[in-house]
1. Among all residue pairs at least 6 apart or on different chains, which show Cβ distances below 8 Å where the first residue, located in the stretch 329-340, is more than 10 Å from A314 (Cα to Cα) and the second is in a loop (DSSP other than H, G, I, E, B)?
2. Given the options I25, I106, I32, name the one that is in contact (Cβ under 8 Å) with a residue 40 or more places away in the chain, under 23 Å from G216 (Cα atoms) and of a type in the set (V, I, T).
3. Filter the stretch 9-34 down to the residues that are modelled with pLDDT under 95 and part of a loop (DSSP other than H, G, I, E, B) and list them by number.
4. Restricting the stretch 207-235 to residues that are of a type in the set (D, E, K, R) and in contact with a helix residue (DSSP H, G or I) (Cβ under 6 Å, 6 or more places away or on another chain), which is surrounded by the fewest Cβ atoms within 10 Å (Cβ to Cβ)?
5. Provide a single number: the residues in the stretch 233-278 that are touching a Phe, Trp or Tyr at 6+ places or on another chain (Cβ under 7 Å) and either modelled with pLDDT of 90 or more or part of a helix (DSSP H, G or I) (or both).
6. Which of the residues that make up the stretch 306-362 are part of a loop (DSSP other than H, G, I, E, B) and closer than 30 Å to Q165 by Cα?
7. Filter the stretch 351-362 for residues that are buried (at least 16 other Cβ atoms within 10 Å of the Cβ) and free of Cβ contacts under 8 Å to residues at least 60 places away in the same chain; which is farthest from S196 (Cα to Cα)?
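The values are calculated or read from the model by the stated rules, or taken from the named source; none is laboratory data. Bear in mind that the values here come from a model prediction, so they are computed numbers and not experimental data. Neighbour counts run over all protein chains shown; Cβ positions are idealised from the backbone, glycine included.
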Amino acid sequence: MYPVNPFIFDSLASEENFCNREREIEELLGDIRSSHNVIIFSQRRYGKTSLIKKVLHLAKIEGFLTIYMDVYHILDEEDLVKAYAKALASTMEGSIEKIFETLKTIFSSLRPKITVDADGKPEFTFGVESGRDPIMDLEEVLESVKEYADKKGLKAAVVFDEFQQIGQLQQAHRIESIIRSQIQGHKDISYIFMGSKKHLIFDMFGDPARPLYGGGKMLPLEKIAPKHLKRFVFSRFRSTGKHLPKEVASRLVEICESHPYYTQYVSHSLWETMPPNSPITDTDLGNAVNLTISRIAPRYDSIWDLLPLRQRQALIALADLAPNEKIFSGDVILKYGLASAPSFRKALKRLVDKSLVDRDQNTFSIIDVFFKKWIQMNFSIE
């Protein structure tokens, strides 16, 4: 039997593929037990979904009703209602017939239907009354989740993943208002809102003019501590009979800036290219980094082609700036051909809106660690 690459970067991490996060797991379980609402945010590919799926699994073992809903692909208000109803249905236990009867009982306006998915498994979908205001249906579904949990005598945890997408819907303000008014009365339900676009999540929960202002505890998901990542990478290599020197493991994590996704991706590339019993060197690591970048490059090419000149120049500047350089100084403007400081600021704002750049007060940084490396490789400034 051929050995299997132990590093997973293109799907949710679970079991032995899950690295650390013990502190976050315990904190979130504590919030769920206390029915606190939480807003989790971080860059994409930091492992938010893997983390919350593990937390929900543990909460379910403790006896909680757990509901997970991914908002990312929601296109309109009707989609939102149907997806939330389906998320509730997917948590119900019992025969298909029994669940079907329960759904008909708890929903007065939605029409449950049994369909078959691509794998031949039965699943529930929902129809809505033609011409009915979907916001009224949303209010009913939110309340039905509470009623179902009460009927079962269970406390609940409800997760909305990529929640910032709600803000893009036509009736976003009404939706936020309904959610706020409903969850305020749900004393035995912990609502967890997750987002990967920090500035949008901040707007939703940090703007006093928005309905969800102050609607929960803000919990930024930070990078995994380097020591945990190093130990994880080293042990995964060793478990498959390949020896990665600890100092090379340290450099791998350092190159990836402790980013969980890229640490897994580069480790995957390095493991793939190294035969058993072959000593792994810094040169091998460099080759693995280049291989990883080459595989992601088409994505970066597509992003770059859609950017106007000023935003490209701004990214080149951010990728090349030394830590002690003042970002809006005249020397920086001249060095990178940025026209003027106001023009540079405008370009950075557009890049923040596109979730390519992160802003922390007056500090800007490229969000994607390897996008920065790709820019450095292709557009170096002498």
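1. That search, which allows pairs on different chains as well, returns D331/E325; V332/L321; V332/E325; V332/K326; V332/L338; K335/I381.
2. None of the others qualify; the one that does is I32.
3. F9, D10, S11, L12, A13, S14, F18, C19, N20, R21
4. R210
5. Matching residues across the stretch 233-278 total 14.
6. If the condition is that a residue be part of a loop (DSSP other than H, G, I, E, B) and closer than 30 Å to Q165 by Cα, then L306, L307, P308, K354, S355, L356, Q361, N362 are the ones that fit.
7. The selected residue is L351.
Every residue, every condition in (1) among the hydroxyl-bearing types (S, T, Y); (2) modelled with pLDDT of 95 or more; (3) under 30 Å from F234 (Cβ atoms), yes or no:
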| position | (1), (2), (3) |
| --- | --- |
| I280 | no, no, yes |
| A322 | no, no, no |
| F328 | no, no, no |
| L334 | no, no, no |
| G337 | no, no, no |
| S340 | yes, no, no |
